[in-house]
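Working notes, beginning with the structure itself.
The values are calculated or read from the model by the stated rules, or taken from the named source; none is laboratory data. Remember, it's a predicted structure, so these values are computed and weren't measured experimentally. All Cβ positions, glycine included, derive from the backbone under ideal geometry; neighbour counts span all protein chains shown. The protein model used for the area step is the full one, side chains on, heavy atoms only, and it has no ligands, DNA or RNA in it. Shrake-Rupley method; radii C 1.70, N 1.55, O 1.52, S 1.80 Å.
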Amino acid sequence: MERPRVWIAIAFMGGVLLTLGFKDIYPDLERRYRQARRARAGLSPQEIKPQHEDTIHKEDIKLGIEGTIGNTPLLKIKSLSDATGCEILAKAEFLNGAGNSPKDRVALAMLTHAERAGLLAPHSGDAIYEGTVGSTGISLAAIARARGYVAHICMPSDQSAEKADLLAKLGAVVERVRPAPIVDQEQFVNKARARAREHTADGERRGRGYFADQFENEANWRAHYEGTGPEIWAQTGGRCDAFVAGAGTGGTISGVALFLKPRLPKIQVVLADPQGSGLYNRIKYGVMFDPKEREGTRRRHQVDSIVEGIGVNRVTQNLEAGRELIDDAVRVSDEQALKMARYLVEKDGIFIGSSSAVNCEYCSTYYVRHLLMIIAGVAAAKTAIRLGPGHRIVTILCDSGKSANSQRKLHILIAHYRCQTPVEVLGSCRISLRFS
């Protein structure tokens, strides 16, 4: 019984020694094998480049979540480009790292400007107040925490619980108020302004209250003048024939226009506007009016569209900053927006949501979030058709719509539309296009 155990131990130790010996010998064997192959191929060692050069690359480490905001890629929408004969390019703003929308730029700019002006100090008890139902609240909530603040978001009580839950998970204080018109002091934007004043005036509370005021804060359009515009200029190599965007606060279209127009005097800046918004008539005819505002037809929601996040029936300081540089406006119907949503999903695999999805308050499905990029996509295609082949049009991809609930509900809507070409999407356009 003892002898078999001894032999087993000897065999085990022999295996260990053999493995260790082979481990040391193997690299030399491999080197000799490679040299022999090169000799047979007639190549000298100097002619062979190593598979992996030990190159030291410059470090690229972002400083916090703020470092992931901006410098988003510009991509070509292949199907629309092929169909129109133009290059339709979209800036992927959903790749901003905080709230995954262009509002990341705005939120960061508003806080940075407030800090420089001495209106905010990190970790001092200062709080940021804003009235919002869209992506701005998400961006503010995320960035505020990263910079040592708490965001206090006021929103109407008839908004989806999904929005309020997301804001709360991001660390924001969410205050839901009764729906009211802008002239009412209890309206959610006015309530946020009042809460900021109350905080500052309360001697028993730490810090101050800062009202972000995204609609009137010039840091909004400056974020795009200093960021989005220069990035588009660099990414297109200074060649762009048209820029198409929607307007909620007006910051994006104004900031980009103010940067690009002096450098590209012939560029066409086009506003994409949903049905029911007054901005289309403001740009086209100088009058802020929509037929839905006629006596006896006004509603609490003036922009009577499934599209949320763009369209408004009042002029903001951010829109006024660049309004004179906007050359044209394109009206986009709900049907066109939904058809384009279907088209981009089927042809390009692009599904855009959040500040680009749909609020179904007037549809059979209640809440989906905005379709801002879809509206801009329709307007970009219309602009391409109007300009003709060979032009380059840039628009904005606002966010990715990765909310499972929002995605499910959006597909309920767009499932009814199975279009094959942009001609079907645009409907009334009389220009024939070629398709492969």
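Given the structure, is residue 223 in a strand (DSSP E or B) and within 26 Å of residue 153 (Cβ to Cβ)?
No, not satisfied.
Scan segment 144-172 residue by residue and report those that are among the β-branched types (Val, Ile, Thr) and in contact (Cβ under 8 Å) with a residue 24 or more places away in the chain.
153
Quick one: is residue 127 out of contact with any strand residue (DSSP E or B) (no Cβ under 6 Å at 6 or more places or on another chain), touching a residue at least 60 places away in the same chain (Cβ under 8 Å) and more than 29 Å from residue 230 (Cβ to Cβ)?
No; evaluated as a whole, the condition is false for this residue.
Could you tell me which residue of segment 220-251 is nearest to residue 394 (Cα to Cα), considering only residues that are among the β-branched types (Val, Ile, Thr) and touching a Ser or Thr at 6+ places or on another chain (Cβ under 9 Å)?
Across segment 220-251, the extreme among qualifying residues is 244.
Can you tell which of 192, 201, 180, 223 is under 15 Å from residue 110 (Cα atoms) and of a type in the set (A, V, I, L, M)?
223
Mind listing whichever residues of segment 257-274 are of a type outside the set (Phe, Trp, Tyr) and modelled with pLDDT of 95 or more?
Correct list: 257, 258, 260, 261, 262, 263, 264, 265, 266, 267, 268, 269.
So residue 121 passes all but one of these: (1) over 13 Å from residue 146 (Cβ atoms); (2) crowded, with 23+ Cβ neighbours inside 10 Å. Which condition number does it fail?
All conditions are met except number (2).
With the condition kept exactly as written, say whether any residue in segment 266-278 is in a helix (DSSP H, G or I) and among the hydroxyl-bearing types (Ser, Thr, Tyr).
No, segment 266-278 contains no residue that is in a helix (DSSP H, G or I) and among the hydroxyl-bearing types (Ser, Thr, Tyr).
When the residues of segment 228-251 are narrowed to those that are assigned to a helix (DSSP H, G or I), touching a helix residue (DSSP H, G or I) at 6+ places or on another chain (Cβ under 7 Å) and not aliphatic (A, V, I, L, M), which ends up most open to solvent (accessible area, probe 1.4 Å)?
233
Here are some residues: 130, 115. Which one is within 21 Å of residue 197 (Cα to Cα), surrounded by fewer than 24 Cβ atoms within 10 Å (Cβ to Cβ) and modelled with pLDDT of 95 or more?
Step by step, each of 130, 115 is checked, and only 115 is within 21 Å of residue 197 (Cα to Cα), surrounded by fewer than 24 Cβ atoms within 10 Å (Cβ to Cβ) and modelled with pLDDT of 95 or more.
Looking at residue 56, is it assigned to a loop (DSSP other than H, G, I, E, B) and either at negative phi or open to solvent by 50 Å² or more (accessible area, probe 1.4 Å) (or both)?
Yes; evaluated as a whole, the condition is true for this residue.
Of all residues in segment 133-151 being under 13 Å from residue 163 (Cα atoms) and surrounded by 24 or more Cβ atoms within 10 Å (Cβ to Cβ), which is nearest to the chain's Cα centre (by Cα)?
By that ranking, first place goes to 135.
Restricting attention to segment 192-212, which residues are in contact with a Ser or Thr (Cβ under 9 Å, 6 or more places away or on another chain) and open to solvent by less than 60 Å² (accessible area, probe 1.4 Å)?
192, 207, 209, 210, 212 - these are the residues of segment 192-212 that are in contact with a Ser or Thr (Cβ under 9 Å, 6 or more places away or on another chain) and open to solvent by less than 60 Å² (accessible area, probe 1.4 Å).
From the residues in segment 59-108 that are basic (Lys, Arg) and more than 10 Å from the chain's Cα centre (by Cα), which one is surrounded by the most Cβ atoms within 10 Å (Cβ to Cβ)?
Step by step, filter segment 59-108, then rank; the result is 76.
Among the residues of segment 169-191, count how many are in contact with a strand residue (DSSP E or B) (Cβ under 7 Å, 6 or more places away or on another chain), open to solvent by 60 Å² or more (accessible area, probe 1.4 Å) and not charged (D, E, K, R).
Adding up the residues that qualify gives 1.
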